[in-house]
1. Kindly provide the helix-only [θ] at 222 nm of the chain, computed as the sum of -39,500 (n - 2.57) over DSSP H runs of four or more divided by all residues, to the nearest 500 deg cm²/dmol?
2. Going Cα to Cα from LYS140, which aspartates and glutamates come in below 13 Å? Please leave out same-chain ones fewer than 8 positions away.
3. May I ask which residue of LEU293, GLN345, HIS102 lies farthest towards the positive end of the charge dipole of the chain, with charges of +1 (Lys, Arg) and -1 (Asp, Glu) on Cβ and the Cα centre as origin?
4. Starting from 0.36 nm per residue, how many nanometres of slack lie between GLU248 and ASP114 once their C-alpha separation is accounted for?
5. Compute, for the stretch 199-320, the length of the dipole vector about the Cα centre, with Cβ point charges of +1 (Lys, Arg) and -1 (Asp, Glu) only. Units Debye, rounded to 20.
6. Can you find, among SER277, SER218, HIS242, the residue farthest towards the positive end of the dipole of the stretch 198-349? Put +1 on the C-beta of Lys and Arg, -1 on that of Asp and Glu.
7. Answer with one residue from THR74, ALA56, ALA333: the one whose Cα lies farthest towards the positive end of the charge dipole of the chain, charges on Cβ with Lys, Arg +1 and Asp, Glu -1.
8. What figure, in Å² to the nearest 10, do you get for the accessible area of THR313 with a 1.4 Å probe and non-protein molecules left out?
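The values are calculated or read from the model by the stated rules, or taken from the named source; none is laboratory data. Keep in mind that this is a model prediction, so the values were computed, not measured. Cβ coordinates were reconstructed from backbone atoms using ideal geometry, including for glycine residues, and neighbour counts include every protein chain displayed. These area figures cover heavy atoms from the full protein model, side chains too; ligands, DNA and RNA do not enter into them. Shrake-Rupley method; radii C 1.70, N 1.55, O 1.52, S 1.80 Å.
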Amino acid sequence: MSKRIGRKADWCAGLLATSLLLVPMVPALAQPDSATTAEREKVLFDCDIGSDIDDAYALALLLASPEIELVGITVGHARTADRAPLALRMLWEAGLQYIPVHVGRETALVVTRDGTPHEQFSEAPYNRQFHWARGFDELKPQARPAAEFIVDTLNAAPGEITLLTVGPVTNIGDALELDPDVLTKAKRVVSMYGSIRSGYDGGDAQREWNVLADAASSKLFDAGVQAGGTDVVYIPLDVTDHVRLDAERRLHLHMRGTPLTDAVTALYSLWRNEERSQTTPRLFDAVAVGYLLWPDLFGLEHGRVTVDERSMTLFERGGEPTSTVALEIDDAAFIERLVLRFLEQNLSR
């Protein structure tokens, strides 16, 4: 999800302020055992892989987790055609090429609340991570647009599939325009989204990237939540910004040498090359996956979450419609469990 901390987040948010899941270890092409599938949580994963590095760690954690049945991946926001090959190649390297990938529409880097490109942030860059899958053609994305796939998938199995969103909610907004009740068909919606009591670098609450980057879609998402009938869990900056993967653990993953750890290591290297002021990745989106796997690590509160005209997320404790908000996390335990999950998997073609 591109929370886009550091230079990118400060650059976008600052200037705007001044202007206004281990699927089983099976052979390639094999399908999961039906008995095992019945016990796993079905997840539809919506992401913007290729901007910040946390999407890659999040997708890898989903793939490495036997508790998760990943029913599909949708990519959205900005250069969507360049995002899909990243997800496809990771699936290919892990031997999980039967998981479908659907592509959303392209957008500006920042979209305003009225749906128009922000004049200073209309052009989305070609991120360095895109090079990892450039020319990869062993797998192709599905022809059906992401929003249609979301609507059809949730309507086909109401109450059975968790919708996990970790990027700007472009595809979710488009799905809501197709079916205003689509969120109510999900078992629950878990979103890396917002800033409640703290923001980037531990500062005050501020406009979080996934809310800000496509404000028009965030407005639609907020309206869908306010309509009620949806179990929504917000995983905001309060529990994601300070969760970081240190150099020693990155070295462990690099030395492990499986196709999956090699993939995240390669993508980290490209991200590191691009984000020159940063070396330690913040695991925003992987934390959202962690909530599905290890909810015991989180401190939760319940109340109403809304998005205001400035793309701030506001929380009214005890308000309705009631959502769940994660405001505390045992980040050390989360990192331990994440790294162990990566080290113990043997996914390959």
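1. Values: 12 runs with 128 residues, N = 349.
Here the helix-only value at 222 nm equals -11000 deg cm²/dmol.
2. Straight-line reach from LYS140, under 13 Å: ASP82.
3. Projecting each Cα onto the dipole axis, the largest value belongs to GLN345.
4. My answer for the length gained is 43.7 nm.
5. Details: 12 positive and 20 negative charges, 88 e Å.
It comes to approximately 420 debye.
6. SER277
7. ALA56
8. It works out to around 10 Å².
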